[in-house]
Amino acid sequence: METAAASVLSRAVDYDIKKRYTEALVCYQEGIQIILDELKGMKDDKKRNHMRQKVTEYMDRAEKIKKLVQDEKEAGKYHEQIQIADNSIGNDYEKIFGRFLDENLLSVEIDDPYIRTTHQIYNFLRFCELLIKKCKNLRKIALTTGIDEQNHSSQEQKFEKICFSLKKNNVTLKVHYSGTLHDREIRFDNGWVIKVGRGLDYFKPTENNFSIGFCDLSLRPCHETTVDIFHKKSLKV
């Protein structure tokens, strides 16, 4: 348990140094909880006191990060950037978007010109699954994308199936097509705005459908791309 806590808190400090504050906060909270769980069964008083001191230090830093993020959001200045390296793994949708999703989220708007081919639509479906899992009060998803000139009817049929499935979860999907859309952007109604350079299609294909990483995107190598995280007050509308 101590090794697990050390690993998580080491990542927290690394993210903190890199100013990836929302990720740092998640790791600080996870590491602190691991230590608190271990303290319940710890009998060595000297060790207990040392661990309590470390918890206090990490909690103080986590509180400072919370305030920093909140202050920058209120001032309209919050910006966090993540560089996803070529061939890196561990960058699935939950890692990139999960910490911004909760039961308070009601609607999501997605601008991505390349939700056209089968594998791109599967990526969109995986993203929808994450939203359903994390946002129990979600009611609306709006997607703006480009038309698949090669097979638009097939593209529409796939979206209709996703729409039907989402409706069973009390979520409405609206798909709009644009021939001029270029930028990729995801807007959550809790104020967070995520811009991914390659949109949702930043994963490399696996060798075949039975290769590791085909189902679990956290094991799938990625293309190089940049993720920019803003709060809506920091964007010029």
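The values are calculated or read from the model by the stated rules, or taken from the named source; none is laboratory data. Quick caveat, the model's predicted, so the values are computed rather than measured. Cβ sites come from the backbone with ideal geometry, for glycine too, and all protein chains shown count toward neighbours. Each accessible area value is taken on the protein alone, full model and side chains, heavy atoms only, with ligands, DNA and RNA left out. Shrake-Rupley method; radii C 1.70, N 1.55, O 1.52, S 1.80 Å.
Tell me, what is the 1.4 Å probe accessible area of Phe159, in Å² to the nearest 10?
Per-residue accessible area (Phe159): approximately 10 Å².
Not counting ligands, DNA or RNA, and with a 1.4 Å probe, what is His119's accessible surface area in Å² rounded to the nearest 10?
In the full protein context, His119 sits at about 100 Å².
Work out the length of the dipole vector of the range 96-211 about its Cα centre, built from +1 on the beta-carbon of each Lys and Arg and -1 on the beta-carbon of each Asp and Glu, and round it to the nearest 20 debye.
Computed charge dipole of the range 96-211: roughly 420 debye.
Return the long-range amide H neighbours of Ile147 (sequence gap of 5 or more, or a different chain), with a cut-off of under 5 Å between placed amide H atoms.
Ser178
Can you pull the accessible area of Met59 for me, 1.4 Å probe, Å² to the nearest 10?
90 Å²
Considering only DSSP beta bridges where both residues belong to the chain, give the percentage that are antiparallel (nearest 5).
Details: 18 of 29 bridges.
Of all bridge pairs located within the chain, approximately 60 percent are antiparallel.
Only loop residues by DSSP count here, and only those with at most 10 other Cβ atoms within 10 Å; note down the GluC sites (Glu not before Pro) in the range 53-107 that meet that. Walk me through the numbers before you get to the answer.
On the way: sites: Glu57, Glu63, Glu72, Glu74, Glu80, Glu94, Glu103; in loops: Glu103.
Answer in residue order: Glu103.
Which percent of the accessible heavy-atom area of the chain goes to carbon and sulfur, probe 1.4 angstrom? Kindly include the intermediate steps, with their values, before the conclusion.
Details: 6730 of 13620 Å².
In the chain, the share of accessible area belonging to carbon and sulfur is 49 percent.
Using a 1.4 Å probe and counting only protein heavy atoms, arrange Ile141, Ile34 so the residue with the most accessible area comes first. Don't jump to the answer; show the numbers that get you there.
On the way: Ile141 0, Ile34 30 Å².
Sorted by accessible area, descending: Ile34, Ile141.
Let me know the longest stretch in the chain that avoids all trypsin sites (Lys or Arg not before Pro) found in a DSSP loop with at most 10 other C-beta atoms within 10 Å.
Values: sites that count: Lys40, Lys43, Lys168, Lys236.
Answer from the scan: 44-167.
How about the range 147-214: which GluC sites (Glu not before Pro) there lie in a loop by DSSP and see at most 10 other Cβ atoms within 10 Å? It would help to have the intermediate numbers written out before the result.
Numbers: sites: Glu149, Glu156, Glu160, Glu185, Glu207; in loops: Glu149, Glu207.
Passing both the DSSP loop test and the Cβ count: Glu149, Glu207.
Could you please put Leu125, Leu101 in sequence from largest to smallest accessible area, using a 1.4 Å probe?
Details: Leu125 55, Leu101 10 Å².
Accessible-area ranking of Leu125, Leu101, largest first: Leu125, Leu101.
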